[in-house]
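First up is the structure itself, then whatever we jot down about it.
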Amino acid sequence: MLTTVLIFLPIAAALAIWILPLSRYAAGSFALLVSLVEVGLWIDALLRFDFGSPKLQFAQQTDWISSLGVSYSVGLYAFSLWLAGLSVVVMAAAVAYAFWAGRERARAYFGLMLFLTGAVIGVFSSQDLLLFYAFFEMMLIPLYVLVGVWGGPGRRAATIKLVIYTMVGSLLMLAALVVYGLDEGTFDLNRMQPSNNTWIFLGFAVAFAIKAPLFPLHGWLPDAYRKAPPEVAAVLSGVVSKTAVYGFLRIAIAKFPEPVHDFRVPILVLATIGLLYGSLLAFRSPDVRGVIAYSSLAQMGLITLGLFAANDLGFDGAILQSVNHGLVSAALFLLAAMVERRTSTGEFDRLGGMARGRPLLATLLITAGVLTLAVPFSANFAGEFLVLAGVFQQGWAYGALGALAMVLAAMYALRLISAVLHREPGVAVSDAALDLRPAELGVVVPLVGCLIALSFWPAAISGHAFGGNKATGAVTSQFAAASLASQPYPSSLPMNCVITKTGSRCQQVFPARKAASK
Amino acid sequence: MIHGPHVDWFALSPELALLAAAAVALLGAVLVPRSWRTPFGAGVAAAGFVAAFAFGAVLFARSPHGEAIVAGAMARDRFGALAGLIVAAAGLLAVGLSYGERIREHSGEYYALLAAAGGGMIFLGFADNLMTLFLGLEWFSIALYILCAIDGDRERSLEAGLKYLVVGSFGSAILLFGSALVYGATGKIGFEQIAAATAAQHLKGDALLVGGLAMLLVGFGFKTSAAPFHMWTPDVYEGAPTPVTGFMSAATKTAALAVMLRVLVTAFPAEKQLWTITVAVLVCASLAVGNFAALAQANIKRLLAYSSVSQAGFMLIGVAAANRLGAEAVLYYLIPYGAMSLGAFAVVAARERELDAAVTLDNLAGFGWERPLLGASMATFMLGFAGFPLTGGFMGKFLVFSAADERGWWWLTVVGVLATALSLYYYLGVVRAMYMRPSEELQLAAVGGSPPRELMLQTVATACLVITVASFVFVQPLLDLCQKAAAALPY
């Protein structure tokens, strides 16, 4: 039940905001309240979560299209709990910032943000392939409108690229999931057997690779991250990209062991290239958001390295790094927004010297920047170290090149810090530009605070992401498929039963192809 | 003394209700005072559609086993009943949509024709031999020819009526010729009898029979507006009064697809290999032509016309699949499709009445913010056409793709997926026009206070919105109906 509430509370609130004639202030504060309630619900789930068990928790299953074996089936594994936590925290920060910044057409805006929250949590908790797809697509609608209506100049091209790229990927996934689901006779992820069909695997993998994005499918990224409203960019890079991590882990890797094995080397190579290429572009980028955008590309490459390292270290590191990157990139995008608000530009040529007289901004930006470059003892360092240690077992070159990328990360993060805070004051920086206001601190400090807390105890996530810290076991057993088998379920094959006078008569309306061929 | 066959009057009750409504509405055009004519006609037609829906529902419940009635001329089964239900619902919504339309002279005749057309479409859904097939087709087509041209003051409307008449008659003539060839080959006109004769006389591959089948397919292609027989669609959709266009796009497609399924599956099982391939070619052509042509449209009605060509392509995937799931998918798809196209044309009608001009992408600018309910509905319909989740359009596409895959034609799924990707550009283009145009581009509505509230039109749009979303959520109950209906076809 809790999972369902987490998904549908924000969606219901979105409908309420759209329908009720609320004022701008009321709409914003209601949206903020709901996103904080979401955080509270998630903390409740965290406290009640049994991290020792690899089973699906807070699970709920209801028939949806029973004749095709599709059900509304949701629940949380430990790693999806962490990803959901990342989402509610970042969404709350984004909503709070938007409320403070006073977005135009507040009712439409906040409704869309809440709708997006629900869809993202839905993706992270779906245990049915069609449901997963539905939530995955549902994310795109609010994103499209949020970027298209509230984005900066040039948003039209950005939205078209974003939509075309992601939809091509998702539609390939739709074709793949139709074939896969009909072959299995069910769309329930906990009942579907692994497949070794390369084409189906590629349908899923390409969709997730575009969403993440991975090199060379990142064409939509620079425009979307630059033209979107900053808090939406924070959500895009912090949260939405992590749905690809969930998809890779829950579907592509768990269900397609053979194709994953066959494609491991090309994927690892592409991820390494993306990591290095993204870092270099971030270093060369002329504006604040460009640095964050390309560093996201690099970080997603790193997370993919962890996922496809196929060992405990890699999986744990990938989840930890997903949360770290989500928090830090959201914090950086919001800080970029605050800088842009004061100077109305994000270009390094016109910025500089903002540290003087603005200690809070300087402290927070330096903290976030230092976390990005994965300074030792930070959570990001722990995540990157785990990933690199994991991928080292696949080949020392991946580890070595990944370590090189950490050096590049230091270069672009320090460049960002110095270009904004140090040097001579830029032309766009007026002396009257204020330091961070209390409301702005209230938005960014919790994000950075979470990261600092994780720096003290990264094992909170890396040691508690896969029930009992057995990541490979969880993945190879496809997340303990047995966990649901104990639940009563009418039949593995969909049946259409009619109650007649003499009892019930059942006919198999839609025989699974596998069963039929036996 | 000629002894007529036994007539199952109850099975004909939906059509009879609509014919009665048409007759009363027509009398009203003469007897009722001028100022009361529109409400009277609309009320009678609405009552007719409600009665037809109610009779259709009872008929659905009471016809679990299909049977031939009226000497084998018609079938009484759930398949025809479900198609009739969809047509009746579309007709009711179309009446609501027509209510605010300024039909200057002929409102009594207008509603009479609307009810008559609905009756013809429901009749067609039950047709069980080539004679009733042609009769039903002409019955509703003639009513629609006049409806398209009813706004005699507008040249466009007359042009649409004439074009539809010429091209539609051509299509009907080909269909009739095809029927004659099939009769010539088999000596039968009943659908089951044609199949039986084909099997008994080993007529598989017979030139006359194949030629007749091909011509029947051409005729169906015209009525479902599948490419390459779609040429009339954009002009007629653009020129006809918007409520008529809405009714045509929703109801005609339902009736034509239903009868097409019934004829192909019942009468030509022997030639299955042939017609599935042909329909698959129609699918590819419709998806290509509809989507590419829609990309270039600025006029919303023309855009929706090409979109209906492409949607016909998607639905024909279910026909081409030639399995029970395919028939279920087509019937299922028709429910959200009908709601989405009627709803979309309702929104177009609202804007048209506001501006008193043809609606284009340019003058939709800002519409979403000015009229939140209609704007959000239109956005939902466009996303639904594009197959986004939260709308029944997604379920329709999912089901037809599943049907194609079930037949083993996964390539047809890939074609559909590519077409969907292409269609996004123009469907989202409408959303962009409504919400994302910069304010300097806004062409604000003519001054004169806020636009008319038009309660009826908003009700129709809301009802369509509810159906569109509900067909995403409550899939299984609706699919059960479609399964029961499709069970009547001899797959």
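Taken over the range B:11-62, residues that are more than 24 Å from the chain's Cα centre (by Cα) and surrounded by 15 or more Cβ atoms within 10 Å (Cβ to Cβ) amount to 8.
One line per residue, one yes/no per condition, for (1) in a loop (DSSP other than H, G, I, E, B); (2) under 19 Å from A:ARG341 (Cβ atoms):
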{"residue": "A:VAL370", "(1), (2)": "no, no"}
{"residue": "A:PHE381", "(1), (2)": "no, no"}
{"residue": "A:ALA410", "(1), (2)": "no, no"}
{"residue": "A:GLY426", "(1), (2)": "yes, yes"}
{"residue": "A:ASP431", "(1), (2)": "yes, yes"}
{"residue": "A:ALA439", "(1), (2)": "no, yes"}
{"residue": "A:VAL448", "(1), (2)": "no, yes"}
{"residue": "A:SER455", "(1), (2)": "no, no"}
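Matching residues to (1) assigned to a helix (DSSP H, G or I); (2) within 19 Å of the chain's Cα centre (by Cα):
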site: B:PHE140; (1), (2): yes, yes
site: B:ALA160; (1), (2): yes, yes
site: B:LEU176; (1), (2): yes, no
site: B:TYR183; (1), (2): yes, no
site: B:LYS204; (1), (2): no, no
site: B:PRO234; (1), (2): yes, yes
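Quick check on the range B:441-452. Is at least one of its residues farther than 28 Å from A:GLY151 by Cβ, modelled with pLDDT of 90 or more and of a type outside the set (A, V, I, L, M)? No, the conditions are met nowhere in the range B:441-452. Residue pairs whose Cβ atoms lie under 7 Å apart, separated by 6 or more positions or on different chains, with the first residue in the range A:432-452 and under 15 Å from A:LEU365 (Cβ atoms) and in contact (Cβ under 8 Å) with a residue 60 or more places away in the chain and the second among the charged types (D, E, K, R) and part of a loop (DSSP other than H, G, I, E, B), are A:ASP435/A:ARG358. Within the range B:371-399, being closer than 21 Å to B:LEU418 by Cα and of a type in the set (A, V, I, L, M) holds for B:MET382, B:LEU383, B:ALA386, B:LEU390, B:MET395, B:LEU399.
Considering each residue of the range A:43-61, count those that are within 22 Å of A:ALA471 (Cβ to Cβ) and assigned to a helix (DSSP H, G or I), and give that number.
The number of residues fulfilling the criteria is 2.
Among the conditions (1) assigned to a helix (DSSP H, G or I); (2) out of contact with any Gly (no Cβ under 7 Å at 6 or more places or on another chain); (3) more than 14 Å from chain A (Cβ to nearest Cβ), B:TYR306 misses just one, which is (2). Residues of the range B:357-374 include at least one that is within 12 Å of chain A (Cβ to nearest Cβ), without any contact (Cβ under 8 Å) to a residue 40 or more places away in the chain and under 23 Å from A:MET138 (Cβ atoms).
Scan the range A:280-317 for residues that are farther than 26 Å from A:HIS464 by Cβ, among the aromatic types (Phe, Trp, Tyr) and under 20 Å from the mean Cα position of the chain (by Cα) and jot them down. Residue satisfying the conditions is A:TYR294 alone. Taking residues in the range B:383-404 that are more than 15 Å from A:SER67 (Cα to Cα) and more than 10 Å from chain A (Cβ to nearest Cβ), and partners anywhere that are among the polar types (S, T, N, Q) and assigned to a loop (DSSP other than H, G, I, E, B), the pairs with Cβ atoms closer than 9 Å and at least 6 places apart or on different chains are B:GLY384/B:THR391; B:PHE385/B:THR391. I'd like the residue in the range A:115-135 that is more than 12 Å from chain B (Cβ to nearest Cβ) and in a helix (DSSP H, G or I) and, out of all such residues, is farthest from A:LYS55 (Cα to Cα). Within the range A:115-135, the match that is farthest from A:LYS55 (Cα to Cα) is A:LEU116. Testing A:SER195 on (1) modelled with pLDDT of 90 or more; (2) of a type outside the set (D, E, K, R); (3) closer than 22 Å to A:VAL475 by Cα; (4) over 17 Å from the mean Cα position of the chain (by Cα), one condition comes back false. Which one is that? Result: A:SER195 fails condition (1) only. Of the helices (runs of 4 or more DSSP H) lying entirely inside the range A:136-244, those containing at least 3 residues that are within 24 Å of A:GLY75 (Cα to Cα) and away from every other protein chain (no Cβ under 14 Å) span A:198-211. In this entry, B:GLU354 passes the filter for residues that are among the acidic types (Asp, Glu), away from chain A (no Cβ under 13 Å), over 28 Å from B:ALA488 (Cα atoms) and in contact (Cβ under 8 Å) with a residue 40 or more places away in the chain.
The single residue among A:ALA224, A:ALA228, A:ALA254 that is surrounded by fewer than 23 Cβ atoms within 10 Å (Cβ to Cβ), of a type in the set (A, V, I, L, M), more than 20 Å from A:ASN324 (Cβ to Cβ) and touching a residue at least 60 places away in the same chain (Cβ under 8 Å) turns out to be A:ALA254. In the range B:83-104 there is no residue that is surrounded by fewer than 21 Cβ atoms within 10 Å (Cβ to Cβ), out of contact with any helix residue (DSSP H, G or I) (no Cβ under 7 Å at 6 or more places or on another chain) and over 23 Å from B:PRO39 (Cα atoms). Of the residues B:GLY43, B:GLY4, the single one that is out of contact with any Asp or Glu (no Cβ under 6 Å at 6 or more places or on another chain) and in a helix (DSSP H, G or I) is B:GLY43. All conditions in (1) surrounded by fewer than 23 Cβ atoms within 10 Å (Cβ to Cβ); (2) out of contact with any Leu (no Cβ under 7 Å at 6 or more places or on another chain); (3) not aromatic (Phe, Trp, Tyr) hold for B:VAL415, with the sole exception of (2). If only residues of the range A:62-88 that are outside any helix (DSSP H, G or I) and within 14 Å of chain B (Cβ to nearest Cβ) are counted, the one that is surrounded by the fewest Cβ atoms within 10 Å (Cβ to Cβ) is A:THR62.
Within the set B:LEU374, B:LEU364, the sole residue that is crowded, with 24+ Cβ neighbours inside 10 Å and more than 15 Å from B:GLU454 (Cβ to Cβ) turns out to be B:LEU364. Just one of the listed residues (B:GLY171, B:GLY136, B:GLY119, B:GLY152) is surrounded by fewer than 24 Cβ atoms within 10 Å (Cβ to Cβ) and either in contact (Cβ under 8 Å) with a residue 60 or more places away in the chain or touching a strand residue (DSSP E or B) at 6+ places or on another chain (Cβ under 9 Å) (or both), and it is B:GLY136. Here A:GLY203 does not qualify as surrounded by fewer than 24 Cβ atoms within 10 Å (Cβ to Cβ), over 22 Å from A:GLN321 (Cβ atoms) and among the small types (Gly, Ala, Ser).
The values are calculated or read from the model by the stated rules, or taken from the named source; none is laboratory data. Values in this document were obtained by computation on a predicted structure and should not be read as measured data. When we count neighbours, we look across all protein chains shown, and the Cβ atoms used for this are built from the backbone with ideal geometry, even at glycine.
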